[in-house]
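The structure appears right after this line, and notes come after that.
The values are calculated or read from the model by the stated rules, or taken from the named source; none is laboratory data. Bear in mind that the values here come from a model prediction, so they are computed numbers and not experimental data. Using ideal geometry, Cβ is built from the backbone for each residue, glycine included, and neighbour counts are taken over all protein chains shown. Heads up: the accessible areas ignore ligands, DNA and RNA and are worked out on the full protein's heavy atoms, side chains in. Shrake-Rupley method; radii C 1.70, N 1.55, O 1.52, S 1.80 Å.
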Amino acid sequence: MGEQPIFTTRAHVFQIDPSTKKNWVPASKQAVTVSYFYDVTRNSYRIISVDGAKVIINSTITPNMTFTKTSQKFGQWADSRANTVFGLGFSSEQQLTKFAEKFQEVKEAARLARDKSQEKIETSSNHSQASSINGTDDEKASCAGPANTHLKSENDKLKIALTQRAAGWTAPTLPVTAWPPPGSAANVKKWEIELQTLRESNARLTTALQDSAASVEQWKRQFSLCRDENDRLRNKELIDLRKQSEIIPQLMSECEYVSEKLEVAERDNQNLEDKVRSLKTDIEESKYRQRHLKVELKSFLEVLDGKIDDLHDFRRGLSKLGADN
């Protein structure tokens, strides 16, 4: 629930070839969804792209990253954590420009988040240093005490009395000649003010330390969540790779089977072509014989017609001869 998309586009995803570090290897067969995500809990930004059930981009944006336009429709950035370079091919220059502008915006936001986090750490460190520098009330009193030995002794007595009063204990009454000494009313007022200032400073430091401890716990939780997420994604990718490694031998076997079938089909096709050529030759020869037979039949019919005419003439002659007799 803490991570929501803030910008989405579509592009062809590529990764640099790890062996050559020069050639691009397609990570998707077609254009896929590429989105910027913002994690409110971690105050971080990521570019994520999923092709089916496979995560092909999971890149956390850091202030030192740079998105470079290498052509009118192609851009790239390097991710040192993923140890690769991602490339995106867009269908238009406008889409590439919008993606690059969003990359710069997210990068600046990541820089501000990092600076703010460092500022909190430095503030917590400064508070801790201030606490160690201010030291105890005894050290403060000894540093702020006057050089005069008698006044220093009186101030020490005053400090003890104030400390006991702050603890809810009333100091015994001293002789008038010894307590309070002349001019010590100003010191009492000064020490009361300084003690109150120290109390307020200690309260602020305590609050700052509590905030710092809460921030550390939050950072620990965020780190644990990030580590768990990375482990989950890594395990998922390993499972996908194992599945693919199991499928590859089967695919290779199927490819060999298809290749053998193709070779058989090519041989059958060659045999069929040879038979077709033989049939064509037979057809041509048959046509030639038919033409020759037609010529011979025509010649025979002509001879037959002549013979028939001769028979008719002979019959007429016999008929006439019979009539004459």
Quiz item: To the nearest 10 Å², what's residue 320's accessible area with a 1.4 Å probe?
Solution: 140
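Roughly speaking, to the nearest percent, how much of region 205-325's 1.4 Å accessible area is carbon and sulfur?
Reported share for carbon and sulfur atoms: 58 percent.
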Practice problem: Give the carbon-plus-sulfur fraction of the accessible surface of region 68-115 in %, rounded to a whole number; probe 1.4 Å, heavy atoms of protein chains only. | Solution: 46
Quiz prompt | Segment residue 290-residue 3, extension gain: residue separation times 0.36 nm, minus the distance between their alpha carbons | solution = 94.6 nm
Quiz item: Of 226, 255, which has the most accessible area and how do the rest follow, probe 1.4 Å?
Solution: 255, 226
Exercise. Anything over 32 Å Cα to Cα? Flag those among 22/116; 22/102; 116/243, in the order listed.
Key: 22/116; 116/243
Quiz item: What is the extension gain from residue 236 to residue 197, computed as 0.36 nm multiplied by their sequence separation minus the C-alpha to C-alpha distance, in nm to one decimal?
Solution: 8.3 nm
Quiz item: Mind listing which trypsin sites (Lys or Arg not before Pro) in region 30-128 are in a DSSP loop and have 12 or fewer other Cβ atoms within 10 Å?
Solution: 81
